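Written out below as structure tokens is the structure these notes cover.
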Amino acid sequence: MFSSTHFLGPRRPATTVYRDVGATTSLDGASPHKLVSLLYEALASQIARARGALARGDIAEKGRAISHAVRILDEGLNAPLDMSAGGAIAANLHDLYDYIVLALTVANLKNDDAGLGECARLVETLRDGWDAIASHAEAANRVAA
């Protein structure tokens with residue numbers, strides 16, 4: 001599902017992109033599964049930050065948080081999808097990530113908290129599902145090592 005090269009664009013390792021999008025958790029020794037989990041966590045945090053800023057009327061901060069969320073989606077989650085090996089799951093994730101980017105953009109333009117809430121629920125569902133398969137991913141990593 002995810003590219004085995006761990007590069008996002010020309011010579012940009014996934015860990016570099018993760019740091020670039022502002023994650024503050026140590027990445028040393030983190031499994032690919034854990035990295036994606038951290039990206040979902042950072043994404044949810046940015047959407048919550050945007051909603052808080054919107055509620056306070058801080059439009060500039062809302063825009064920064066949404067921009068950050070879009071970068072996490074585009075560079076951290078969507079770019080490393082391996083469309084040929086990932087099959088329907090990768091294609092569906094790609095489409096869902098694109099939908100969330102569009103929904104975030106529209107919510108930003110319209111100052112729409114309901115739209116941001118929809119994005120937050122979608123990300124929560126993705127994060128919950130991803131975390132639910134953690135034990136299977138850890139077992140696969142042990143077998144591969």
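What the table below lists for this structure:
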| item | result |
| --- | --- |
| Leu81 long-range amide H proximity, modeled H, under 5 Å | Ser3 |
| Fraction in percent of alpha-carbon pairs per bin - 10 Å, the stretch 29-83 | 26, 43, 23, 8, 0 |
| Two-site label geometry, Asn111 and Asp82: point separation in nm, points 7 Å out along Cα→Cβ | 4.6 nm |
| Net +/- balance of residues flanking Ala120 in space, Cβ distance below 12 Å, scoring K and R +1, D and E -1 | +1 |
| Accessible area expressed per residue, the stretch 83-132, with surrounding protein chains retained (probe 1.4 Å, Å²) | 55 Å² |
| Efficiency of FRET between Ser135 and Ala103 - r from beta-carbon atoms, R0 35 angstrom, step 0.05 | 0.65 |
| Heavy-atom accessible surface of the stretch 26-145: percent carbon and sulfur, 1.4 Å | 56 percent |
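The values are calculated or read from the model by the stated rules, or taken from the named source; none is laboratory data. Predicted model, so just to flag it, every value in this text is computed and none were measured. Neighbour counts run over all protein chains shown; Cβ positions are idealised from the backbone, glycine included. Ligands, DNA and RNA are stripped out before the accessible areas are found, and what is left, the full protein with its side chains, is counted by its heavy atoms. Shrake-Rupley method; radii C 1.70, N 1.55, O 1.52, S 1.80 Å.
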